[in-house]
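Trainee: Quick one: the structure is below, questions incoming.
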Amino acid sequence: MSCLVKRNPRTASRQYEENTLVITPDDRQVHTLNATGTFLWNAIGEQGAEKDALLRKMAEAFDAPEETLRQDMDAFISELEGKGALIQESCRK
Amino acid sequence: MKEYFRTHSTPVIAYLELTLRCNQACVHCYLERERPGEREELSRPEIRVMLEGLAQLGTLILVFTGGEIFLRKDLLEILEESRKLGFAVVLFTNGTLITPEHVSRLYDLAPLGIEISLHGADPATHDAVTGAPGSFESALGAIRLLRQKGLRVKIKGNLLKSNRGDYNDLIALADGLGCEYTMDPFIFPCRDKDPAPLSERLGPDILKTVFSDSRLIRGKKEGPGKEYLEEPENRLCGAGANVLTVCSNGDVFPCLPLKLKAGSIRETSIARIWNESPVFQRLRTYRVKDLEACRECPSKKHCLRCSALTYNETGDLLGCSPMSMQISEVRREIYRKKALSGV
């Protein structure tokens with residue numbers, strides 16, 4: 001099953017070298033993304049991205065088993081969704 | 001990221017004075033009497049270029065201030081453009097010109113903060129400070145509209161002789177409206193050095209009350225650890241290091257009240273001003289150890305030093321401001337009494 005992952009349009013963000021600061025204005029929290037998080041944040045971009053497409057981009061960029069990458073990606077998405085920075089929608093089989 | 005911002009000069013916060021026109025004439029206003037008019041204000045294309053430059057420099061938070069920002073008819077378009085470029089936006093306003101249509105569009109812009117100045121909890125007190133009859137009711141109406149929409153509002157009060165430093169009713173009003181609040185006892189001279197606002201400063205007795213009130217104490221309380229002015233290698237403040245201000249006519253300053261011109265974006269790109277201006281380069285070299293006046297001061301542990309206040313009061317960026325001295329002595333006395341009582 002693949003889902004469209006989008007940045008919450010209410011967030012603000014800026015990249016500083018390999019890290020990114022993301023602000024969720026509704027709770028006024030600042031979240032720091034590490035290099036992998038920054039890669040995923042940029043891959044999701046303004047338009048959003050399918051999880052399958054994100055996983056393919058990760059596989060191209062990182063030398064790690066697919067299952068490890070999938071777990072990292074799911075953990076990232078789940079955590080940022082919980083913080084209100086990402087939204088998952090239109091999941092399809 | 002703290003280490004990154006300590007070692008890199010990045011203007012994380014930019015204050016943008018979109019207009020210096022105002023529909024109020026507050027008794028304690030620090031703006032200069034002679035200031036740029038509407039014709040001299042930056043145009044939308046000029047602002048767009050500046051915003052793109054700030055995004056490249058790493059600015060994350062834009063604080064829109066004035067004057068009264070809602071006097072600019074294109075304010076919401078500027079805010080929308082800012083959000084598209086990834087900035088978080090904060091608005092400083094007197095609230096009097098905010099309409100239901102504004103509120104609806106503001107919600108979509110997800111502002112990080114909307115800060116509205118209220119200088120009294122009743123029309124007579126507030127309007128006497130602003131010199132604008134009806135301004136209290138207009139501001140209150142805007143706050144209610146914003147809160148109904150679920151937007152976070154902070155009420156900003158200045159503690160003045162004109163409002164007798166009476167902030168209790170204002171806090172009750174803010175609580176009733178579901179607003180955050182801040183009550184500020186710091187009154188600056190005008191940026192053109194006119195001392196007129198200083199006549200509004202409160203005396204030490206009311207300052208003792210203010211700095212003893214747990215509702216008004218921000219940040220960490222003084223403890224046994226070293227405070228900011230006790231660390232010799234600390235920067236003086238963020239002005240010119242992590243903060244900048246762009247005036248309505250494109251002039252660039254280190255921070256809102258510190259009128260040391262670093263350049264004009266009408267002549268030089270914001271990136272070049274930030275990276276090469278001698279004003280900014282000099283500010284970045286200053287450290288706490290350069291503050292000779294503070295070195296032996298018994299109150300430095302309790303001081304809320306502000307370089308802009310010092311400069312505007314004394315003409316010496318590295319000197320000691322009488323207001324800071326007064327406040328640090330008040331805080332020191334409060335701390336001493338608390339320590340003695342074991343509270």
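Trainee: One residue is enough: does segment B:46-62 have a residue meeting the conditions closer than 21 Å to B:V153 by Cβ and surrounded by fewer than 22 Cβ atoms within 10 Å (Cβ to Cβ)? Full working, then the answer.
Mentor: Residues of segment B:46-62 that are closer than 21 Å to B:V153 by Cβ, as a first pass: B:61-62.
Still in the list and also surrounded by fewer than 22 Cβ atoms within 10 Å (Cβ to Cβ): B:61.
Yes, the conditions are met somewhere in segment B:46-62.
So that you can scan it fast, the table gives a plain yes or no per residue for (1) free of Cβ contacts under 8 Å to residues at least 12 places away in the same chain; (2) in contact with a His (Cβ under 7 Å, 6 or more places away or on another chain):
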| residue | (1), (2) |
| --- | --- |
| A:L40 | no, no |
| A:G45 | no, no |
| A:A59 | yes, no |
| A:R70 | no, no |
| A:A85 | no, yes |
| A:E89 | no, no |
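Trainee: Collect the residues in segment A:10-19 that are at the interface with another protein chain (Cβ under 9 Å from one of its Cβ atoms) and over 21 Å from B:L106 (Cβ atoms), keeping them in residue-number order. Give the derivation first.
Mentor: Going residue by residue through segment A:10-19, those that are at the interface with another protein chain (Cβ under 9 Å from one of its Cβ atoms) are A:10-17, A:19.
Within segment A:10-19, A:R14, A:Q15, A:Y16, A:E17, A:N19 meet the criteria.
Trainee: Given B:L283, B:L317, which one is hydrophobic (A, V, I, L, M, F, W, C), touching a strand residue (DSSP E or B) at 6+ places or on another chain (Cβ under 8 Å) and at pLDDT 90 or above? If you could, list the steps in order and put the result at the bottom.
Mentor: Values: B:L317 fails: touching a strand residue (DSSP E or B) at 6+ places or on another chain (Cβ under 8 Å).
It is B:L283.
Trainee: Next question. Considering only segment B:131-174, how many residues are within 20 Å of the chain's Cα centre (by Cα) and either within 14 Å of another protein chain (Cβ to nearest Cβ) or at positive phi (or both)?
Mentor: Number of matching residues: 4.
Trainee: Scan segment B:11-27 residue by residue and report those that are within 14 Å of chain A (Cβ to nearest Cβ) and surrounded by fewer than 18 Cβ atoms within 10 Å (Cβ to Cβ). Write out each step before concluding.
Mentor: Of the residues in segment B:11-27, the ones within 14 Å of chain A (Cβ to nearest Cβ) are B:11-14.
Within segment B:11-27, none qualify.
Trainee: Looking only at segment B:299-319, how many residues end up being touching a residue at least 60 places away in the same chain (Cβ under 8 Å) and in a helix (DSSP H, G or I)?
Mentor: Total satisfying the criteria: 8.
Trainee: Sticking with this structure for a sec: Looking at A:G37 and the list (1) within 12 Å of the chain's Cα centre (by Cα); (2) buried (at least 19 other Cβ atoms within 10 Å of the Cβ); (3) away from chain B (no Cβ under 14 Å); (4) farther than 24 Å from B:G150 by Cβ, which single condition is not satisfied?
Mentor: (3)
Trainee: Turning to a different aspect of this structure: Tell me, which helices (runs of 4 or more DSSP H) lie completely within segment B:131-222 with 1 or more residues that are among the basic types (K, R)? Working first, answer last.
Mentor: On the way: elements: B:135-148, B:168-177, B:204-212.
The helices (runs of 4 or more DSSP H) meeting that bar are B:135-148, B:204-212.
Trainee: Scan segment A:57-82 residue by residue and report those that are surrounded by 14 or more Cβ atoms within 10 Å (Cβ to Cβ) and not hydrophobic (A, V, I, L, M, F, W, C).
Mentor: The answer is A:K57, A:R70, A:D72, A:E81.
Trainee: Only one of these is within 12 Å of another protein chain (Cβ to nearest Cβ), free of Cβ contacts under 8 Å to residues at least 12 places away in the same chain and touching a strand residue (DSSP E or B) at 6+ places or on another chain (Cβ under 7 Å): A:V30, A:V22. Name it.
Mentor: Numbers: A:V22 fails: free of Cβ contacts under 8 Å to residues at least 12 places away in the same chain.
Selected residue: A:V30, the only one of A:V30, A:V22 that is within 12 Å of another protein chain (Cβ to nearest Cβ), free of Cβ contacts under 8 Å to residues at least 12 places away in the same chain and touching a strand residue (DSSP E or B) at 6+ places or on another chain (Cβ under 7 Å).
Listed here are the residues, each with its yes/no results for (1) outside any loop (DSSP other than H, G, I, E, B); (2) closer than 24 Å to A:N34 by Cα; (3) in contact with a Ser or Thr (Cβ under 7 Å, 6 or more places away or on another chain).
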position: B:T19; (1), (2), (3): no, no, yes
position: B:V63; (1), (2), (3): yes, no, no
position: B:K73; (1), (2), (3): no, no, no
position: B:E81; (1), (2), (3): yes, no, no
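Trainee: If you don't mind, there's one more thing I want to ask. Out of segment B:255-268, which residues are touching a Gly at 6+ places or on another chain (Cβ under 6 Å) and assigned to a loop (DSSP other than H, G, I, E, B)?
Mentor: To start, the set of residues in segment B:255-268 that are touching a Gly at 6+ places or on another chain (Cβ under 6 Å) comprises B:264-266.
B:I265, B:R266 - these are the residues of segment B:255-268 that are touching a Gly at 6+ places or on another chain (Cβ under 6 Å) and assigned to a loop (DSSP other than H, G, I, E, B).
Trainee: Would you please list the contacts, defined by Cβ atoms under 9 Å and residues six or more apart or on different chains, that run from a residue in segment B:108-121 that is within 14 Å of chain A (Cβ to nearest Cβ) and closer than 17 Å to B:F70 by Cα to a residue that is of a type in the set (F, W, Y) and crowded, with 21+ Cβ neighbours inside 10 Å?
Mentor: B:G113/B:F92; B:I114/B:F92; B:E115/B:F92
Trainee: Looking at segment B:274-296 only, could you name the residues that are touching a residue at least 60 places away in the same chain (Cβ under 8 Å) and under 18 Å from B:E233 (Cα atoms)?
Mentor: Those that are touching a residue at least 60 places away in the same chain (Cβ under 8 Å) and under 18 Å from B:E233 (Cα atoms): B:F280, B:R284, B:V288, B:L291, B:C294.
Trainee: If a residue has to be at negative phi, hydrophobic (A, V, I, L, M, F, W, C) and part of a loop (DSSP other than H, G, I, E, B) to count, how many in segment B:101-130 make the cut?
Mentor: Within segment B:101-130, residues that are at negative phi, hydrophobic (A, V, I, L, M, F, W, C) and part of a loop (DSSP other than H, G, I, E, B) number 3.
Trainee: Also, quick follow-up: Check off (1) in contact with a Leu (Cβ under 6 Å, 6 or more places away or on another chain); (2) more than 21 Å from B:V129 (Cα to Cα); (3) not in a helix (DSSP H, G or I) for B:T59 and give me the number that stays unchecked.
Mentor: For B:T59, the failing item is (1).
The values are calculated or read from the model by the stated rules, or taken from the named source; none is laboratory data. Just so it is clear, the model here is predicted, and its values are computed rather than measured. Virtual Cβ from ideal backbone geometry, glycine too; neighbours counted across all protein chains shown.
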